[in-house]
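What follows is one structure encoded as structure tokens, with my remarks underneath.
Derivation of every value follows stated rules applied to the coordinates shown; laboratory data play no part. Just so it is clear, the model here is predicted, and its values are computed rather than measured. For neighbour counting, all protein chains shown are included, and Cβ atoms are generated from backbone atoms with ideal geometry for every residue, glycine included.
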Amino acid sequence: MAPHLSAQLHRLARLSKVILGLALVTLAPAKAQDNAPRIAAAADLKFALDEVVANFRRETGKVVIPTYGSSGNFKTQIIQGAPFQMFLSADEGFVFELADKGLTLDRSTLYAIGRVVLFAPTGASWTPDPAFTDFKAALADGRITKFAIANAEHAPYGRAAEESLESFGLLETVRPKLVLGENVSQTAQFATSGSTQGGIFALSLAAAPQIGRLGTYALIPAEKHRPLRQQMVLLKNADETARAFYAYIQSPAARTVLKRYGFLLPGEEG
């Protein structure tokens with residue numbers, strides 16, 4: 001087999017594993033999860049929360065089942081009666097809407113503040129930097145023809161991406177080239193797979209080795225977009241295990257994991 005073909009097949013196999021990991025819901029053995037509470041979680045939490053869930057189970061013996069997706073879609077599903085017991089949103093506004101409708105046990109708790117990165121896949125002909133310098137040049141000279149962000153209509157990280165592009169005066173230039181992910185995890189897939197020349201997505205995904213090794217990225221200055229204040233809330237049907245997990249997210253052990261994946265913690269956003 002030719003060396004370049006072998007390398008390409010190896011890369012495709014590696015990408016398939018990453019994409020599968022992003023798409024799968026974290027599952028416990030069938031018997032353990034029969035009555036386990038379902039947790040709706042913003043897609044930017046995929047790697048960090050999987051680790052927190054595993055630690056929670058090891059320390060308490062209790063199981064929770066997270067499902068990852070866009071915060072806006074989860075809000076709609078919960079309003080329509082989806083049987084989630086807890087919601088970790090990437091946008092506090094969606095949580096407040098649920099609270100206003102009387103669907104939650106309280107108003108919510110701030111658990112993290114998210115950040116976004118400008119990402120270029122391995123082999124890209126441009127280099128990310130916080131000032132978007134080479135990105136601007138690559139747009140102008142045609143090196144970038146497709147660029148991934150999440151759908152801002154229901155994904156808070158898509159909104160932050162649009163605001164970041166707008167702050168550099170680039171949104172309208174980029175708009176015809178945009179490939180929209182259903183959520184920020186799918187956006188990361190697009191940006192790392194070679195189907196686009198890069199993208200803007202969550203630092204918490206880029207900080208995971210599974211994603212970070214597939215390219216290079218630059219942290220976008222926080223002032224370039226509205227803060228991604230991520231709130232969590234227990235829903236009306238929350239059982240004892242869901243309440244225990246809600247408390248665990250606020251523990252030093254869980255916060256250490258979130259911080260390692262690039263999240264700012266409450267009190268650090270200033």
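Report the full-extension gain for the segment Leu171 to Gln250: residue separation times 0.36 nm, less the Cα-Cα distance, to one decimal in nm. Intermediate results must be reported in sequence, preceding the final value.
Working: separation 79, 0.36 × 79 = 28.44 nm, distance 3.65 nm.
In short, 24.8 nm is gained.
Residue-wise, which Karplus ³J(HN,Hα) couplings in Hz belong to region 85-90, taking 6.51 cos²θ - 1.76 cosθ + 1.60, θ = phi - 60°, and x for glycine or proline?
10, 8, 9, 10, 9, 8
Report the trypsin sites (Lys or Arg not before Pro) located in region 193-265 that are in a DSSP loop and have at most 15 other Cβ atoms inside 10 Å of their Cβ, or state none.
On the way: sites: Arg213, Lys224, Arg229, Lys236, Arg243, Arg255, Lys259, Arg260; in loops: Arg213, Lys236.
Those satisfying the criteria are Arg213, Lys236.
Given contacts defined as C-alpha pairs under 8 Å and at least six residues apart, what's the relative contact order of the chain, whole-number percent? Mind showing how you got there, number by number?
On the way: 517 pairs, mean separation 72.8, N = 270.
27 percent.
If the chain between Asn55 and Arg260 were fully stretched, how many nm would it gain, using 0.36 nm times the residue separation less the Cα-Cα distance?
Numbers: separation 205, 0.36 × 205 = 73.80 nm, distance 1.46 nm.
That works out to 72.3 nm of additional length.
Counting only DSSP beta bridges with both residues in the chain, tell me the antiparallel percent, nearest 5. Please report the intermediate quantities before stating the final value.
Numbers: 19 of 33 bridges.
Taking every DSSP beta bridge within the chain, about 60 percent pair in antiparallel fashion.
Using the count of nearby Cβ atoms within 10 Å as a rough guide to exposure, how do Val179, Val233, Val63 rank from fewest to most?
Val179, Val63, Val233
With the convex hull built on the Cα atoms of region 114-224, state its orientation-averaged projected area in nm².
Working: hull surface 22.9 nm².
For the Cα atoms of region 114-224, the hull's average projected area reads 5.7 nm².
Given the pairs Lys46/Lys146; Lys75/Lys136; Lys75/Lys146; Lys101/Lys177, which span a C-alpha to C-alpha distance of over 28 angstrom in this model? Show your work: numbers first, answer last.
Details: Lys46/Lys146 25 Å; Lys75/Lys136 35 Å; Lys75/Lys146 30 Å; Lys101/Lys177 38 Å.
Violating the 28 Å limit, Cα to Cα: Lys75/Lys136; Lys75/Lys146; Lys101/Lys177.
Could you put Val116, Val184, Val52 in order, starting from the residue whose Cβ has the fewest other Cβ atoms within 10 Å? Write down the numbers at each step before the final one.
Details: Val116 32, Val184 37, Val52 25.
Least to most surrounded, the residues fall as Val52, Val116, Val184.
I'd like to verify something in the chain: which complete DSSP H helices, judged by Cα projection on the helix axis, reach 15 Å or more and average at least 0.0 on the Kyte-Doolittle scale?
Details: long enough: 3-23 (30 Å, 0.50); 46-60 (21 Å, -0.41); 156-167 (16 Å, -1.04).
Helices meeting the span and hydropathy rule in the chain are 3-23.
Can you give the convex hull volume of the alpha carbon atoms of the chain per residue, in Å³? Write down the numbers at each step before the final one.
Working: hull volume 36.2 nm³, N = 270.
Convex hull volume per residue, Cα atoms: 134 Å³.
Evaluate the distance, in nm, between pseudo-label points positioned 7 Å from the Cα of Asp34 and of Asn237 along their respective Cα→Cβ axes.
The two pseudo-label positions are separated by 1.8 nm.
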